[in-house]
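S.K.: Pasting a structure here, questions to come.
The values are calculated or read from the model by the stated rules, or taken from the named source; none is laboratory data. It should be emphasised that the depicted structure is a prediction, and the values quoted were computed from it without experimental measurement. Cβ placement follows ideal geometry from the backbone for every residue including glycine, while neighbour counts extend to all protein chains displayed. Each accessible area value is taken on the protein alone, full model and side chains, heavy atoms only, with ligands, DNA and RNA left out. Shrake-Rupley method; radii C 1.70, N 1.55, O 1.52, S 1.80 Å.
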2 protein chains.
Amino acid sequence: MDILKRKLVLLALPAMIHWAANAQQNIVKMTPVNFAQVQINDKFWSPRINTVTNITIPVCIQQTEVVTPRIRNFEKVARKQGEKHEGIYFDDSDVYKALEAIAYSLKNHPDAKLEAKADEWISKIAAAQQPDGYLNTYYTLSGLENRWSDMEKHEDYNAGHLIEAAVAYYNTTGKRKLLDVASRVADNIDSTFKQQNRHWVSGHEEIELALVKLYKATGKEKYLDLADWYLQQRGHGYGRGAIWTNRHMGEKYCQDDVPVKEQSQIEGHAVRAMYLYTGAADVGAARNDPGYLKAMNNVWEDVVYRNMYITGGIGSSGSNEGFTVDYDLPNKSAYCETCASVGMVLWNERMNLLTGNAKFVDVLERSLYNGALDGLSLSGDRFFYGNPLASDNNYQRSEWFGTACCPSNIARLVESLGNYIYASSDDAVWVNLFVGSSTTVALKKGKVQLQQQSNYPWNGNIKMAVNPVSKLNFPLHVRIPGWAVNQPVPGETYQFTDKADSTFTITLNGKPAKYIMQNGYAVITRDWKKGDMLSLNLPMPVRKIKAIDSVKVNVNKIALQRGPLMYCVEQVNSDQEKQSYIVPENTAFNVAYDQNMLNGIVTIKAQVPVLAPTDDGNGVKTAQGTLTAIPYYSWANRGKSEMQVWLPTRISSVNIKANNHDQ
Amino acid sequence: MDILKRKLVLLALPAMIHWAANAQQNIVKMTPVNFAQVQINDKFWSPRINTVTNITIPVCIQQTEVVTPRIRNFEKVARKQGEKHEGIYFDDSDVYKALEAIAYSLKNHPDAKLEAKADEWISKIAAAQQPDGYLNTYYTLSGLENRWSDMEKHEDYNAGHLIEAAVAYYNTTGKRKLLDVASRVADNIDSTFKQQNRHWVSGHEEIELALVKLYKATGKEKYLDLADWYLQQRGHGYGRGAIWTNRHMGEKYCQDDVPVKEQSQIEGHAVRAMYLYTGAADVGAARNDPGYLKAMNNVWEDVVYRNMYITGGIGSSGSNEGFTVDYDLPNKSAYCETCASVGMVLWNERMNLLTGNAKFVDVLERSLYNGALDGLSLSGDRFFYGNPLASDNNYQRSEWFGTACCPSNIARLVESLGNYIYASSDDAVWVNLFVGSSTTVALKKGKVQLQQQSNYPWNGNIKMAVNPVSKLNFPLHVRIPGWAVNQPVPGETYQFTDKADSTFTITLNGKPAKYIMQNGYAVITRDWKKGDMLSLNLPMPVRKIKAIDSVKVNVNKIALQRGPLMYCVEQVNSDQEKQSYIVPENTAFNVAYDQNMLNGIVTIKAQVPVLAPTDDGNGVKTAQGTLTAIPYYSWANRGKSEMQVWLPTRISSVNIKANNHDQ
């Protein structure tokens, strides 16, 4: 079979095999290439990273240190003058997350003044640590005798973020001070609970994944043991009577009703769930324990198949900041917390590393470019806590939040974007995201320099220079996104309305490349040599997505996707009346790059039927109007405006508004 | 001037003089005729009272005694076995309010079994009283040492409802047991605070009005002194640091930021405000203190002129269960707690008695027939906590509430309706409401038997037999409702779109009666004799109300009123598409009594333009459809359905819905 024929056969297959069940899961396929080894030079992402460095992180510092009492609480502990704690019991974590973002930023953009600020904070944090290693300003200021008495009070959540910050800062600067503080915090928890066989359920998961990071940074197995211990505490009723009784959400709210390895249904608070499953995947990988992976796979399918928005956002209800029932995915009231999308990135990265399956990166990419990125304004100083899929002109970004988890979370994610692009195994290289960047991957047999160049996500032409130090035979796995092979998302819930030709092409040094498809990757195995140039072309037509009827709110609606981006219609730049257009399924779309709009975006435009009142206000006339759709992540950067991701294809009923203030 | 000419002159005047400022307010004009002296025999109200007796009160008993632990908390106190309090700290009050409703019911319908149940409860309550008189199951079970440490914990709110129940039960049965318990509770409060010059701000007002009732029942001036003391505690910062600091609503939430006599703006929690002002009016009347009346008049104008819904409901926001800013009167999210409308009835009754001005009864009548009555289902066993003016098909009545203030509140109001019909002064008789009933009013000069007969609110023909024991000269004040003289509500906010002929007529023994208008009353002064028959005819055309533009949500909308009733359109019995009709201002209406609909109502129907999708779903066609409006109080008795009180007169924009589940 010549190459061309083989390719044609393969082209027919990917949609079938892309999500094929992996009958036997092997534990740990790949190691991520750390962002510190990745130099990003990308037209889309580099400006966003710079904005986080120059705007978002200073905002986080200002809010943490000046506007709110978060840093002052640490100073009060050190002063020992009986001053009162201000704010909420989990506010320490915002300091740690800002510090973690700073650590990543210092790697991307070394900055002595910023590092000095970080060192100053670290000194204040260290000075607030108690002689036994305990570190928590809320309990230290309001009564140490009450510590560890209420599982909901986020003591180990705070500790987890301290550990993450400490590891990040140590990795960037080599300075051990905060790492030592964090180690003593972990030691104190270990001796308080695990060593005494005292049961404890963490009310807000986070420490599990952090302890795995601490284990990797220090090499101390006890931290991995403690992470596993935390996982094993759940689902046995140990929290009952202490915290979950009398709380209307109960144990389900924090995934404490079923042991982790037996979990199969997503439930409760979305961020808690994401952090738990990230930690469980980490422990499963480090322990080579398939029990966690099996559970994670089941829960993942429940999330992605039935409980995920098309933006990659999760958690439909604000009342529990989490999940309700399958297919309950309202658009206007969608909660879709920014932190939950960040959690989706974290968890799906782990699942991809464990399985070598690209479907997890498909979800990661969707959450990253849509659900998560929407949380940060283009200006870098305004934030969304929730990210709805429709708005009635009454929702806008905030400068900050009382519970301020989201700003520093999106900051640390953007600054550490390099973590998610490349991975390696002993003898193979993986390319997961299409971000202009270069790195060097060390395989067992030798080093390979990789360089990507593209105008992604606006364009699917990706050039990849593959430069082994010397000629080297290895398989290069290049992810072929699900959306490029007719499958927007794993599962039946969302489908493209038409099966477009999925004519992605791969050429090597100008000629069709020989590859096989494996778990969503095009795998090119050959003797690679210096100067090899791979070209991947992922066509980006405008694709219309329909949801299955079970998602009742989206019946008779379509959503528009182009490349990895979901689009929305924002009234501010459309000439149609508010939410009065329809987008029949046969609508033809035009795309154009507009460098002046929203820092440069590709817009999608179409002529569509638009309804407007007659002059006398007694009837309605239909006209043609121009519909303009913009990337979802870019909405709400021009004041309040109506917005819809899911667009009506037909009219089933009409609501009259008598004025602009109808309520 | 002959009678007819005089009448014609007067007919032109009422609209001008109806709300004329009362330059010099005299304290205490009238005494209400107690409901126990009023026999109601009314086609509209008698069935409602019977339903409360037969259904609502048994539901309250069942919920209080069996389903929830409210009575059990009292039993636990008596057992002294260290059992824990269940429920919320204000749950005792629900027992007392149910008992108060039972007391009124026993007067209307003597029932030995029900009285035995009340006596059983009273024994349990008495057994829970502490040796010093303190009575509160929450603190007694959870730590008496903490009592009176938190002004928000409703200790005196509970005490107030105990006192009201005790006075009601004593008045009905003559039994003193609960009255003695309540007196000792009041004595305990008096000695704990007032006698010790210890400051205390009641977090939820109620005890003030209750103490005035206790004063009247016992004749003991100390209770009136204590009520006045409670009023005087407010507005001096006495609560600061104890409760209001750190609570985001602060002192405004419970009207504690300004001394009561200096208050002029309505603010904070609506029910708290209503109970406070009722108590202040009571104390002002009993003390002959114009300071309270002046403040009450100012606050009243702020409520009625700028912050009241056309249903007589108040409190637009659920977040503080109260007031926001002037003219912020959203329809769908209107809170309009049932209890707040009950409070409007109580307060406006007091204001009327103090001033002799019928405008207060106009507001009372509006709140009673609309905002309050809406809180109770026709079946008597379903309740609204909030009473919005529009619904998207997602709101329905509940069987009960965790905070269960509303069910027993509407029950006690309906059972004591007789309180609001008649009043007297030394030498005059007042008729305030049009309810089929009879009573005997004792004037200084002699007794007068009155008998009303009508089909109100469906019809404005009211017959009133006036039978003095012997011939007697006195003025009979018959309220002429504002709506009958072209003024739906005091103030500029709501106006009828057209000034209909306000041709109300009064005939006496078949001939035009001679009367003068005074403060909203037609005053007929003559030698009354046995067999005199007065006929009042209040025409009831369908009236269209417009709000001023400051109420932005109601621009280009009208509301329909007929008689005292506000109407609404409920989708369930209309053939139009959901919220897709307009009601042009020149719409002609037909009214008809339908005895089979909703226990018998007058419907308002009209042919109006209705929009519907074209068959292909790509456009909209306009047709004529039948709009059916029903009394607001009667909606939500046939399952969930879209509902609107304010109806669009024109289309300003169109919202497309793609399906029935659009969210």
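S.K.: Tell me the residue from B:Y238, B:Y275, B:Y253, B:Y223 that is touching a residue at least 24 places away in the same chain (Cβ under 8 Å), in contact with a Leu (Cβ under 8 Å, 6 or more places away or on another chain) and assigned by TED's automatic domain parsing to the domain that holds B:R198, please.
M.R.: The conditions single out B:Y223.
S.K.: Filter the range A:373-390 for residues that are assigned to a loop (DSSP other than H, G, I, E, B), at negative phi and not hydroxyl-bearing (S, T, Y); which is most open to solvent (accessible area, probe 1.4 Å)?
M.R.: Filtering first and then ranking leaves A:R382.
S.K.: Follow-up question, since we're still on this one. What is the number of the single condition among (1) within 14 Å of another protein chain (Cβ to nearest Cβ); (2) within 30 Å of B:I558 (Cβ to Cβ); (3) part of a loop (DSSP other than H, G, I, E, B); (4) open to solvent by 10 Å² or more (accessible area, probe 1.4 Å) that A:P584 does not meet?
M.R.: In the conditions (1) within 14 Å of another protein chain (Cβ to nearest Cβ); (2) within 30 Å of B:I558 (Cβ to Cβ); (3) part of a loop (DSSP other than H, G, I, E, B); (4) open to solvent by 10 Å² or more (accessible area, probe 1.4 Å), A:P584 misses (2) alone.
S.K.: Oh, and also: I'd like to verify a number: residues in the range B:624-663 that are of a type in the set (K, R) and either surrounded by 23 or more Cβ atoms within 10 Å (Cβ to Cβ) or within 14 Å of chain A (Cβ to nearest Cβ) (or both), how many?
M.R.: Result for the range B:624-663: 2.
S.K.: Return yes or no: is A:G563 buried (at least 16 other Cβ atoms within 10 Å of the Cβ) and within 14 Å of chain B (Cβ to nearest Cβ)?
M.R.: So A:G563 does not fit the description; no.
S.K.: In the range A:98-108, is there at least one residue being in the same structural domain as A:T173 (by TED's automatic domain parsing) and open to solvent by 30 Å² or more (accessible area, probe 1.4 Å)?
M.R.: Taking every residue of the range A:98-108 in turn, at least one turns out to be in the same structural domain as A:T173 (by TED's automatic domain parsing) and open to solvent by 30 Å² or more (accessible area, probe 1.4 Å).
S.K.: Considering only helices (runs of 4 or more DSSP H) fully contained in the range A:112-194, which possess at least 1 residues that are closer than 20 Å to A:D91 by Cα and in contact with a His (Cβ under 6 Å, 6 or more places away or on another chain)?
M.R.: Result: A:137-142, A:155-173.
S.K.: Output the residues belonging to the range B:596-608 that are within 14 Å of another protein chain (Cβ to nearest Cβ) and open to solvent by 20 Å² or more (accessible area, probe 1.4 Å).
M.R.: Listed by number, the list holds a single entry, B:Q607.
Residues checked against (1) of a type outside the set (K, R); (2) touching a helix residue (DSSP H, G or I) at 6+ places or on another chain (Cβ under 8 Å):
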residue: A:Q130; (1), (2): yes, yes
residue: A:L144; (1), (2): yes, no
residue: A:K153; (1), (2): no, yes
residue: A:K177; (1), (2): no, yes
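S.K.: Same structure again: Scan the range A:451-461 and give yes if some residue there is hydrophobic (A, V, I, L, M, F, W, C) and outside any loop (DSSP other than H, G, I, E, B), otherwise no.
M.R.: Within the range A:451-461 (the criterion being hydrophobic (A, V, I, L, M, F, W, C) and outside any loop (DSSP other than H, G, I, E, B)), the answer is no, since none of the residues qualifies.
S.K.: Right, something else. Here is a list: A:S377, A:S391, A:S398. Which entry is of a type in the set (S, T, Y) and within 14 Å of another protein chain (Cβ to nearest Cβ)?
M.R.: On inspection, the qualifying residue turns out to be A:S391.
S.K.: Please determine whether any residue of the range A:494-504 is over 30 Å from A:A592 (Cβ atoms) and modelled with pLDDT of 95 or more.
M.R.: No, because not a single residue in the range A:494-504 is over 30 Å from A:A592 (Cβ atoms) and modelled with pLDDT of 95 or more.
S.K.: Applying the selection to the range B:252-271, what residues are open to solvent by less than 30 Å² (accessible area, probe 1.4 Å) and not in a loop (DSSP other than H, G, I, E, B)?
M.R.: Hits for the range B:252-271 are B:Y253, B:C254, B:V260, B:H269, B:A270, B:V271.
S.K.: Output the number of the condition that B:N419 fails; it satisfies all remaining conditions of (1) of a type outside the set (F, W, Y); (2) part of a helix (DSSP H, G or I); (3) open to solvent by less than 20 Å² (accessible area, probe 1.4 Å).
M.R.: (3)
S.K.: Then there's this: What is the number of the single condition among (1) part of a helix (DSSP H, G or I); (2) open to solvent by less than 10 Å² (accessible area, probe 1.4 Å) that B:V201 does not meet?
M.R.: (1)
S.K.: For the range A:299-339, which positions are hydroxyl-bearing (S, T, Y), in contact (Cβ under 8 Å) with a residue 24 or more places away in the chain and open to solvent by less than 50 Å² (accessible area, probe 1.4 Å)?
M.R.: Those that are hydroxyl-bearing (S, T, Y), in contact (Cβ under 8 Å) with a residue 24 or more places away in the chain and open to solvent by less than 50 Å² (accessible area, probe 1.4 Å): A:Y309, A:T311, A:Y335, A:T338.
S.K.: Which one of the conditions (1) among the hydrophobic types (A, V, I, L, M, F, W, C); (2) crowded, with 24+ Cβ neighbours inside 10 Å; (3) part of a loop (DSSP other than H, G, I, E, B) does B:C406 fail to meet, given that it meets all the rest?
M.R.: Here B:C406 clears every test but (3).
S.K.: Looking at B:V542, B:V572, B:V551, which is the one that is open to solvent by 20 Å² or more (accessible area, probe 1.4 Å) and closer than 30 Å to B:H661 by Cα?
M.R.: B:V572
S.K.: Can B:T403 be described as over 24 Å from B:L99 (Cα atoms) and among the polar types (S, T, N, Q)?
M.R.: no
S.K.: Turning to a different aspect of this structure: Which condition number in (1) among the charged types (D, E, K, R); (2) free of Cβ contacts under 8 Å to residues at least 60 places away in the same chain; (3) at the interface with chain B (Cβ under 7 Å from one of its Cβ atoms) is the one that A:K621 fails?
M.R.: (3)
S.K.: Check A:E492 against each of (1) in contact with a strand residue (DSSP E or B) (Cβ under 9 Å, 6 or more places away or on another chain); (2) farther than 15 Å from A:T507 by Cα; (3) in contact (Cβ under 8 Å) with a residue 60 or more places away in the chain and name the one condition it does not meet.
M.R.: For A:E492, the failing item is (1).
S.K.: Can I ask one more? Does the range A:207-219 contain at least one residue that is assigned to a helix (DSSP H, G or I), among the small types (G, A, S) and touching a His at 6+ places or on another chain (Cβ under 8 Å)?
M.R.: The answer is yes; a qualifying residue exists.
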